[in-house]
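The values are calculated or read from the model by the stated rules, or taken from the named source; none is laboratory data. Quantities reported herein were computed from a predicted structural model and do not represent experimental measurements. Glycine gets a Cβ as well: all are built from the backbone with ideal geometry, and neighbour counts include every protein chain shown.
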């Protein structure tokens with residue numbers, strides 16, 4: 001727990017949200033890169049690449065709607081410019097909330113995955129409206145499991161991360177301004193949220209309301225294509 005706290009506080013100090021910090025923790029613990037890797041929508045903020053062993057990838061392809069030096073091909077997740085059954089590992093972080101036709105997105109991801117391929121994903125839950133260019137949905141774990149199954153994928157992990165105190169801080173964080181004082185205030189706010197979570201769990205036997213699933217900052221999920 002101490003290492004997780006330190007990681008979150010360090011990232012908040014550097015300007016990251018708690019949500020993205022939690023996503024990074026899940027990536028560190030769960031993601032295994034292999035074969036042909038597809039990163040969907042990762043052209044802008046690939047803050048997670050240093051957390052992965054990219055040397056294990058035979059090929060790493062980034063697809064995004066907007067051109068940038070990191071983007072290998074332009075395209076939408078609802079119509080991927082890739083052959084069916086060509087991908088071993090799919091990364092889909094902070095993207096699905098921006099897709100209106102999300103069923104088409106899940107089916108396209110499923111289509112390009114090889115048998116046995118893995119999809120790693122993260123969606124925010126408690127977060128302000130953020131257009132990129134538009135913002136359409138928030139997903140519960142039940143919704144993600146249903147959409148994954150409907151597209152032909154098998155949910156392996158669907159985990160809520162964060163909780164009410166961390167989610168509350170993350171909503172306030174963008175309004176805490178300032179390069180120096182702002183950094184100190186943001187770190188202090190995150191530390192308070194982490195401490196409040198720990199204290200509540202220590203003081204109350206029934207801490208079900210504090211379970212991350214009741215007020216998640218974000219949802220981490222892994223799904224597998226059938227063999």
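Quick look at the values:
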| read-out | value |
| --- | --- |
| Where residue 176 falls short, out of the listed (1) at pLDDT 95 or above; (2) on the phi < 0 side of the Ramachandran plot; (3) in contact with a helix residue (DSSP H, G or I) (Cβ under 7 Å, 6 or more places away or on another chain) | (1) |
| Set 189, 218: member being more than 21 Å from residue 139 (Cβ to Cβ), modelled with pLDDT of 95 or more and touching a helix residue (DSSP H, G or I) at 6+ places or on another chain (Cβ under 7 Å) | 189 |
| Test: residue in segment 39-56 that is at pLDDT 95 or above and farther than 22 Å from residue 170 by Cβ | yes |
| Some residue of segment 122-130 being over 27 Å from residue 57 (Cα atoms), touching a strand residue (DSSP E or B) at 6+ places or on another chain (Cβ under 9 Å), without any contact (Cβ under 8 Å) to a residue 60 or more places away in the chain and outside any helix (DSSP H, G or I) | yes |
| Scope segment 131-146; condition outside any loop (DSSP other than H, G, I, E, B) and surrounded by 15 or more Cβ atoms within 10 Å (Cβ to Cβ); matching residues | 141, 143, 144, 145 |
| Residue 30, sole failed condition from (1) touching a strand residue (DSSP E or B) at 6+ places or on another chain (Cβ under 7 Å); (2) more than 22 Å from residue 125 (Cβ to Cβ) | (2) |
